[in-house]
1. Quick check: the angle from helix 14-27's long axis to the longest principal axis of the chain, C-alpha only, nearest 10 degrees?
2. Nearest 500 deg cm²/dmol is fine: what mean residue ellipticity at 222 nm does the chain get from its DSSP H runs of n ≥ 4 alone, each adding -39,500 (n - 2.57), divided by its residue count?
3. How much accessible surface does Asp37 have with a 1.4 Å probe, in Å² rounded to 10?
4. Using label points projected 7 Å from each Cα along Cα→Cβ, tell me how many nm separate Glu69 and Ser55, to one decimal.
5. Would you mind computing, in nm to one decimal, how far apart the modelled labels at Asp27 and Asp92 are, each placed 7 Å from Cα along Cα→Cβ?
6. Using only Cα atoms, find the angle between the long axis of helix 56-72 and the longest principal axis of the chain, and express it within 0 to 90 degrees, rounded to the nearest 10.
7. So in the chain, what percent of DSSP beta bridges are antiparallel if you round to the nearest 5?
8. Just Gly74, Gly86, Gly53 to compare: in a GNM of the chain, with alpha carbon springs under 10 Å, which one fluctuates most?
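The values are calculated or read from the model by the stated rules, or taken from the named source; none is laboratory data. Note that the coordinates shown come from a computational prediction; the quantities given were computed from them, not determined experimentally. Using ideal geometry, Cβ is built from the backbone for each residue, glycine included, and neighbour counts are taken over all protein chains shown. Quick note on the areas: whole protein, heavy atoms, side chains included, nothing else; ligands and nucleic acids left out. Shrake-Rupley method; radii C 1.70, N 1.55, O 1.52, S 1.80 Å.
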Amino acid sequence: PEMAPHASAPAMPPAEAARRAAHLALDLKAADVVLLDLKGVTDMTDFFIVASGNSDTHVRAIAEHVQAELKKQGIPVHHVEGTEQGRWALLDYVDFVVHIFHPTLRQ
């Protein structure tokens, strides 16, 4: 019998997807990119990626790049916040969260 693809099967393991998101931020010259492994620390998410952009436009561009490239790989964003203003952006992928800050806000 033919097996139907499982709808919620991840496109790649969360750790690999989180690393990919960090590399995508670096592709657009994000600064101070940090990947935190939160497994066993919090139930909220497994990984947290923190990055800085150098302007509102840069923060938005990094967020849009990460979203677009991960979506191409079958990893859609679950929830997005902050991209309209560009002071910070939060991309929630459930297993990992990408947080991009304007440098003045990150401090």
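1. Once rounded, the angle reads 40 degrees.
2. Taken over the chain, the calculation gives -10000 deg cm²/dmol.
3. 90 Å²
4. Going from the Glu69 label point to the Ser55 one covers 2.1 nm.
5. 2.5 nm
6. Orientation of helix 56-72: about 10 degrees from the principal axis.
7. 70 percent
8. Gly74
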